[in-house]
Structures are given as structure tokens and as C-alpha cells.
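To start, the structure under review is shown below, and the notes come after it.
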Amino acid sequence: MRTAGAALSALSLVGVAALAGCSSGHSGDGVSRNAPAASSPSVSPSPSAPADSGWNPSPGSVAAVGDSITRGFDACSVLADCPEVSWATGSDSLVRSLAVRLLGASKAADRSWNHAVSGARMVQLPEQMALAAKERPELVTVMMGANDACRDSVRLMTPVADFRASFEASMRQLRAGAPEAQVYVSSVPDLKRLWSTGRLNETGKKIWELGICQSMLADADDLGPAAVARRDAVQDRVVAYNEVLRDVCAKDRHCRYDGGAVFGFRFTGAQLSQWDWFHPSRDGQARLAEIAYRNITAAEPPA
């Protein structure tokens, strides 16, 4: 953390980092290139969702879209993307990304693409989907939404209706170019659980004060009524976003939602970045890869 401490002044220029990060990472890299909330309910699949019949558990190519989680932000060094440890398309042998697990290391290098952008919100997903569609992938992974909740204030969070409209537009954009591509949608992580875990680290709290996800992380030790209400509002919005992801995905016969698996995952300190105590570390990225691989290769959608 000495190195992290030296970078604190730089961090103050970043603004809202959130789980989607603060840097605007370059998209298009293939893998060869580079709790108080513990009782919060995870979102279950819609009863009316059509079965994803014909789901292929062994797709031959993977394109990833999303935010800084998928870019591996702050997993290797401070304030930097590290796509080689991405849960979706990374090449790191300790992470064993989804692409590596599905395709093997050699094929993953040529048959996976990372179009995620650190700092992205749902309104930017249609553009990423258009890029992914050009690759003609057999599987597209989506992890987006944390930045829509992680804003400077609760008032600035993305309205649920806007979030839905942007995700629907994203799916249309993908279908225009890749009508048969399978889509795996990860739930938005439980930001309140990340707060409750990260606040146990004094250095992490100092870094949070510089502007990371203030809607949730501001005044991390404040347990007064106003602070509790603010965090609950963010938590409620994340749950609503996950309902949107579930419902929109259920309308597409080639889409599979994770059933709230990422939201329900209990990140520990070892699975959080040593640079910001909020983004996933290498170990956290590996856990995300495990969740995705298990759900994608399952005979039935997550319950």
C-alpha cells in the first residue's frame, strides 16, 4: 500500500471510480493482448421467462462488454486497466478466465474479444454491443450497471426506466448484427456488501474519500439514519437494475441471466483490490470466472 499511498493525489483527479472504474480503457483487446447487505434478496428468474432451449454450453468464441470489472481495473496496479486478468477474456493463468475455461488458452487468444470500457454506464452499452456483434461471437458476456448506481449522489443515479431502455436498445443492437449469438448477463454486484467488507480496511476508507462511489461509500463509518437511508436507496436501485436485466434477458431466447449469482457472491478482503478496496482483485476476478463458467455450462438456467 506504500505505492497506493503515493498515488492518492492522482486518484483525486479520477472522479467516480465505482466498480466500473475511473479510467477510460481502450476497448477491443483480445486476451492475447493485453455485510449489512448479506440478507438482501438476490433476483430470481422470471417465471414467464422462455427456456433457453438449444443453449450451447460450449461456445466457440466469446466477446465481452461492460465496465471496469471486465477490464480488470485496479487488479494489477493502481489506476490502470489490466485486461489480462479479466474474468471474461483474460489470459492470466491464476484467474483462468471464462474464455480460457471454455476454449483453452490457445484458442481463447484468437477467439475472444474485450470491448468493455472502464467508467461505462448502461447508456453506453449499445455502442459496445455493436462492436461485439462485428466479431460474430457465439457468446457475448454482459456485466454492466454498477456505475449507474455509483454516482456522486443518490440523485444522480440512472433512473430505472432509462436503464431498461438502454439495455433493450443494447440487445436490439446486438441482434441486428449477431442474431444467433448467445448472451450471458451477470447481475450487478451487491455494492452495500462491498461497503461493509471494504470499510474494515483503514487505507481503503482513505481512498474512498477521494471520490469512489460516493452514493454508497461516502462517510463510510457513518451509521446515522441519513447515511443508512442513502445506502439503502443505492441498494434498492441495484436490486431494481437486476430485475431489469432479468426481465429483458428473459424476452430473448438466446439470453441467460445469472439468477443473481454475482449479486449474491460474498466478496472477502482477499477478493478486493489492494489499490481501492472496491474493485475485484485477481482472486475476485477468478471467482467471477467460476460463477460464469458454472452458469454457462449448466444444463438449465440458474434458479
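The values are calculated or read from the model by the stated rules, or taken from the named source; none is laboratory data. Nothing here was measured: the structure is a model prediction, and the numbers come from that model. Every residue, glycine among them, receives a Cβ derived from its backbone with ideal geometry; neighbour counts consider all protein chains shown. With ligands, DNA and RNA removed, areas are computed over all heavy atoms of the protein, side chains included. Shrake-Rupley method; radii C 1.70, N 1.55, O 1.52, S 1.80 Å.
As an exercise: evaluate Thr197 against (1) touching a Gly at 6+ places or on another chain (Cβ under 7 Å); (2) closer than 26 Å to Val62 by Cβ; (3) surrounded by fewer than 24 Cβ atoms within 10 Å (Cβ to Cβ) and give the number of the one condition it does not meet.
Going through (1) touching a Gly at 6+ places or on another chain (Cβ under 7 Å); (2) closer than 26 Å to Val62 by Cβ; (3) surrounded by fewer than 24 Cβ atoms within 10 Å (Cβ to Cβ) one by one, Thr197 breaks only (2).
Do you know which of the residues in the stretch 55-90 that are among the charged types (D, E, K, R) and part of a helix (DSSP H, G or I) is farthest from Arg111 (Cα to Cα)?
Among residues in the stretch 55-90 that are among the charged types (D, E, K, R) and part of a helix (DSSP H, G or I), the one farthest from Arg111 (Cα to Cα) is Arg71.
When you scan the stretch 269-283, do you find a residue that is open to solvent by less than 10 Å² (accessible area, probe 1.4 Å) and part of a helix (DSSP H, G or I), even just one?
no
Residues checked against (1) open to solvent by 10 Å² or more (accessible area, probe 1.4 Å); (2) touching a strand residue (DSSP E or B) at 6+ places or on another chain (Cβ under 9 Å):
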| residue | (1), (2) |
| --- | --- |
| Pro126 | yes, no |
| Met129 | no, yes |
| Ala133 | no, yes |
| Asn147 | no, no |
| Cys150 | no, no |
| Arg155 | yes, no |
| Pro159 | yes, no |
